[in-house]
Amino acid sequence: MKILVIGATGTIGRAVVAALSPRHEVVSASGHHSPITVDLADPISIRAMYDAVGMVDAVVSAAGLARFKPLDQLSDDDFQFSLSNKLMGQVNLVRCGFEHVRDRGSFTLTSGVLARLPMPGSAAISLVNSGVEGFARAAALEAPRGIRVNVVSPPWVTETLQSLGMDPSQGLPAASVARYYVESIEGTQTGVILEASKMSR
Ligand SMILES: NC(=O)c1ccc[n+]([C@@H]2O[C@H](COP(=O)([O-])OP(=O)(O)OC[C@H]3O[C@@H](n4cnc5c(N)ncnc54)[C@H](OP(=O)(O)O)[C@@H]3O)[C@@H](O)[C@H]2O)c1
């Protein structure tokens, strides 16, 4: 398969590229440091990326930013930023991408554990993660030509906890998270939220 990975230079994206590369042709895209650059928050940039890449069998998004702050400090701009980037960015990857994905291809988006298990400071992130999941469930119903739409919901990633100076023992290594993306791409499920966790692997 020819697979477009957006966020290919990130902690999760690098692991997804490593897992897919032995068996598939991977096209890497990201904000700044990939052969193909794209700004998820800009639909014009997303369309330009698809025009540059051509037809693919699968699209993976391991990108999307949202602001983490106490609710009473989240500004209008913080909400708008989070909605435009992680939520509408991934929604637009699907909307603009249908015509660039081959029959029976797939989209795999990324939400996160904070959709289901919020914590103080996660209101904007929990909002957009839940939005991504709701969108994917519905979009899967209307996707044309057998195209599938799934979401991977990662827990805290070990490498991320390490880089933040937090206890890494509660995290799941990026390589383990990447297996859920492979399962979404190579499997047959659609409209599914794959909850990556230590318990299920
Ligand atoms: N890591 C975790 O513990 C964890 C847990 C749950 C959910 N998640 C979610 O998983 C996703 C990836 O997380 P991560 O930790 O792997 O992120 P990361 O290491 O910070 O990497 C972010 C990736 O997104 C790209 N990017 C940044 N801004 C972009 C933009 N405007 N348009 C397109 N690409 C952009 C970056 O590209 P450049 O490097 O080229 O700028 C990079 O490839 C995020 O949505 C995050 O919320 C992560």
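Data overview
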| item | result |
| --- | --- |
| Qualifying residue in segment 71-78 (condition: of a type in the set (S, T, N, Q), at pLDDT 95 or above and within 10 Å of the ligand (Cβ to nearest atom)) | no |
| Residues located in segment 104-128, provided they are hydrophobic (A, V, I, L, M, F, W, C) and in a helix (DSSP H, G or I) | 113, 114, 115, 123, 124, 125, 127, 128 |
| Among the candidates 139, 143, residue that is more than 10 Å from the ligand (Cβ to nearest atom), in contact (Cβ under 8 Å) with a residue 12 or more places away in the chain, surrounded by fewer than 22 Cβ atoms within 10 Å (Cβ to Cβ) and over 28 Å from residue 77 (Cα atoms) | 143 |
| Top-ranked residue of segment 53-70 - restricted to ones that are among the hydrophobic types (A, V, I, L, M, F, W, C) and within 9 Å of the ligand (Cβ to nearest atom), ranked as farthest from residue 3 (Cα to Cα) | 66 |
| Qualifying residue in segment 98-112 (condition: touching a residue at least 12 places away in the same chain (Cβ under 8 Å), over 26 Å from residue 188 (Cβ atoms), surrounded by 18 or more Cβ atoms within 10 Å (Cβ to Cβ) and under 13 Å from the mean Cα position of the chain (by Cα)) | no |
| Filter result for the condition that a residue is under 16 Å from the mean Cα position of the chain (by Cα), in a helix (DSSP H, G or I) and away from the ligand (no atom under 11 Å from the Cβ), over 191, 131 | 131 |
| Residue in segment 37-52 that is within 25 Å of residue 179 (Cβ to Cβ), within 6 Å of the ligand (Cβ to nearest atom) and assigned to a helix (DSSP H, G or I) present | no |
| Complete set of residues in segment 9-35 that are under 19 Å from residue 47 (Cβ atoms) and either of a type in the set (Gly, Ala, Ser) or touching a residue at least 40 places away in the same chain (Cβ under 8 Å) (or both) | 28, 29, 30, 31, 34 |
| Residue check for residue 148: modelled with pLDDT of 95 or more, more than 16 Å from the ligand (Cβ to nearest atom), at negative phi and within 16 Å of the chain's Cα centre (by Cα) | yes |
| Positions within segment 157-177 being crowded, with 18+ Cβ neighbours inside 10 Å and either more than 10 Å from the ligand (Cβ to nearest atom) or not in a helix (DSSP H, G or I) (or both), in sequence order | 157, 171, 172, 176 |
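This table checks each residue for (1) hydrophobic (A, V, I, L, M, F, W, C); (2) in contact with a helix residue (DSSP H, G or I) (Cβ under 9 Å, 6 or more places away or on another chain); (3) farther than 20 Å from residue 91 by Cα.
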residue: 129; (1), (2), (3): no, yes, no
residue: 146; (1), (2), (3): no, no, no
residue: 154; (1), (2), (3): no, yes, no
residue: 166; (1), (2), (3): yes, yes, yes
residue: 174; (1), (2), (3): yes, yes, yes
residue: 178; (1), (2), (3): yes, yes, yes
residue: 182; (1), (2), (3): yes, yes, yes
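The values are calculated or read from the model by the stated rules, or taken from the named source; none is laboratory data. Note that the coordinates shown come from a computational prediction; the quantities given were computed from them, not determined experimentally. With ideal geometry, Cβ positions are generated from the backbone for all residues, glycine too; neighbour counts draw on all protein chains shown.
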